[in-house]
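J.: I'd like to ask some things about the structure below.
The values are calculated or read from the model by the stated rules, or taken from the named source; none is laboratory data. Quick caveat, the model's predicted, so the values are computed rather than measured. Cβ coordinates were reconstructed from backbone atoms using ideal geometry, including for glycine residues, and neighbour counts include every protein chain displayed.
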Amino acid sequence: MSYHAFQAHTLISTPEQLASALDIPLAPLQAVHSVYPLRISAYYLDLIKKTGVPLWKQAVPDIRELEDSTGLIDPLDEENLSPVPFLVHKYPDRALFLVCNECAMYCRFCTRKRKVGKPEMMINDRTIAAGLEYLAKTPTITDVLVSGGDPLMLSDNRLESILKALRAIPSVSTIRIGTRIPCTLPMRVTPKLAAMLKKYHPLYINTHFNHPAEITAEATLACRLLADAGIPLGCQTVLLRGINDSPYIIKQLMNLLLKIRVKPYYLFQADLTRGTSHFRTTIDTGLGIMQHLIGHISGMAVPTYALDAPGGGGKIPLTPDYIKNLGKVLEFETYLGLPCSYPNEISPV
Ligand SMILES: *Cc1c(COP(=O)(O)O)cnc(C)c1O
Ligand code: SF4
């Protein structure tokens, strides 16, 4: 069975299907669905049933999505930073190239909630050609982040045609794919897909897991197939209230990611996206979590906690403050909270 056939058999995409699958009231689902899309794979629905709240909240529409008037439609100002539609050029040497408007699951906290999964997000051969043309005539861009939506929702052939076209641009050295599929629809990752991706190195994949319960046997297999194809795997976790905003959960998640050969890359403070305010927690909470990680677990398992600056300023690392005083002597605290110092002067010649 192809993954398209698999999807056709197993995706939940209407309020009616979801209400009956989880035995919950239909009206709130319908209200939210009239504004934002809904999709859950049968695989993830099963996990929700096994695990409960932390996975439920990521996937099941909540009426609070409609009650948030403070959030920003486009918190990172991506539309203004797009020289051509669906290509965001924010940093000099890298660009974000949106090649698919669909995902295997529509996360309720999605930063691109304004358009992902909606018909207005009209990605087609023409927009892809325009993006490629921009990349070809902008040789300062050496690192292209292929994203969406989720690029692995494309067929192998279509994705390959995009990767091939990117590889034909001499100035593009690194290709990164951003995908949540290893978490939300891991059976989409087949040996055939891995063999195709392998032809386009240096290729990196950043995936997206938010909770230890998402690290299943199926997800482990998907990551193994990709890692065995020589693709370094990273993870971009989002800090979400009531889902993973505790040191214990994040620590467990980061250690499990390493175990399935995924290097934690970013832990994101949630963006100010409209419809997602109920997911946001404070920066103090995030910094406290980082203090529980740094020094206490393998440095390989410690992500960079970062905020994507509202208005398109880029990602800013948020680091707990170990420095207590910086003068002729640096006074700092160790990860255990013990005072320590280091001379901050060079010796006379
Ligand atoms: C996150 C992002 C990047 C990549 O940033 P890194 O810190 O290099 O991972 C590039 N472009 C845009 C628009 C982004 O949002
Ligand atoms: S998989 Fe990523 S792009 Fe798709 S809905 Fe979730 S957060 Fe948004």
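J.: Does Leu38 count as touching a residue at least 40 places away in the same chain (Cβ under 8 Å) and not in a helix (DSSP H, G or I)?
T.: Yes, satisfied.
J.: List the strands (runs of 3 or more DSSP E) inside region 270-349, counting only whole elements, that have at least 1 residues being outside the structural domain of Asn206 (by TED's automatic domain parsing) and hydroxyl-bearing (Ser, Thr, Tyr).
T.: In region 270-349, the matching strands (runs of 3 or more DSSP E) lie at 339-343.
J.: Determine which member of the set Leu154, Leu166 is under 21 Å from His201 (Cα atoms) and within 16 Å of ligand 2 (Cβ to nearest atom).
T.: Leu154 is the lone residue from the list that is under 21 Å from His201 (Cα atoms) and within 16 Å of ligand 2 (Cβ to nearest atom).
J.: Let me ask something else about it. Does region 178-188 contain at least one residue that is more than 24 Å from Tyr106 (Cα to Cα), more than 16 Å from ligand 1 (Cβ to nearest atom), touching a Ser or Thr at 6+ places or on another chain (Cβ under 9 Å) and assigned to a helix (DSSP H, G or I)?
T.: no
J.: Select, from Ser34, Ser69, Ser41, the only residue that is crowded, with 18+ Cβ neighbours inside 10 Å and either under 27 Å from Ile316 (Cβ atoms) or away from ligand 1 (no atom under 16 Å from the Cβ) (or both).
T.: Ser41
J.: Now for a different question. Taking the condition of being buried (at least 23 other Cβ atoms within 10 Å of the Cβ) and in a helix (DSSP H, G or I), how many residues in region 212-267 meet it?
T.: 9
J.: Kindly check whether there is at least one residue in region 70-77 that is away from ligand 2 (no atom under 16 Å from the Cβ), within 19 Å of the chain's Cα centre (by Cα) and of a type in the set (Asp, Glu).
T.: Checking region 70-77: at least one residue is away from ligand 2 (no atom under 16 Å from the Cβ), within 19 Å of the chain's Cα centre (by Cα) and of a type in the set (Asp, Glu).
J.: Taking region 88-98, which residues are under 18 Å from the mean Cα position of the chain (by Cα) and more than 9 Å from ligand 1 (Cβ to nearest atom)?
T.: Selection gives Phe97, Leu98.
J.: For region 125-163, give me the residue count where each residue is in a loop (DSSP other than H, G, I, E, B) and not aliphatic (A, V, I, L, M).
T.: Qualifying residue count for the region: 8.
J.: Working carefully through the options Gly299, Gly311, find the one that is surrounded by fewer than 21 Cβ atoms within 10 Å (Cβ to Cβ), more than 17 Å from the chain's Cα centre (by Cα) and closer than 26 Å to Ala95 by Cβ.
T.: Answer to the check: Gly311.
J.: Would region 125-146 turn up any residue that is over 18 Å from Ala95 (Cα atoms) and buried (at least 23 other Cβ atoms within 10 Å of the Cβ)?
T.: No: region 125-146 contains no residue that is over 18 Å from Ala95 (Cα atoms) and buried (at least 23 other Cβ atoms within 10 Å of the Cβ).
J.: Identify all residues within region 112-131 that are in contact with a strand residue (DSSP E or B) (Cβ under 6 Å, 6 or more places away or on another chain) and modelled with pLDDT under 95; write none if there are none.
T.: Within region 112-131, Lys113 is the sole residue that qualifies.
J.: Something else: For Arg64, state whether it is farther than 25 Å from Ile249 by Cα and either surrounded by 22 or more Cβ atoms within 10 Å (Cβ to Cβ) or not aromatic (Phe, Trp, Tyr) (or both).
T.: So Arg64 fails the test.
J.: Restricting to region 78-102, count the residues that are within 16 Å of ligand 2 (Cβ to nearest atom), in contact with an Asp or Glu (Cβ under 7 Å, 6 or more places away or on another chain) and either not in a strand (DSSP E or B) or not β-branched (Val, Ile, Thr) (or both).
T.: 2
J.: Just a yes or no: is a residue in region 114-130 over 22 Å from His208 (Cα atoms), away from ligand 2 (no atom under 15 Å from the Cβ) and in contact with a helix residue (DSSP H, G or I) (Cβ under 9 Å, 6 or more places away or on another chain)?
T.: Yes, region 114-130 contains a residue that is over 22 Å from His208 (Cα atoms), away from ligand 2 (no atom under 15 Å from the Cβ) and in contact with a helix residue (DSSP H, G or I) (Cβ under 9 Å, 6 or more places away or on another chain).
J.: Just to be sure, is Arg64 closer than 22 Å to Phe268 by Cβ, more than 18 Å from the chain's Cα centre (by Cα) and touching a residue at least 40 places away in the same chain (Cβ under 8 Å)?
T.: Yes, satisfied.
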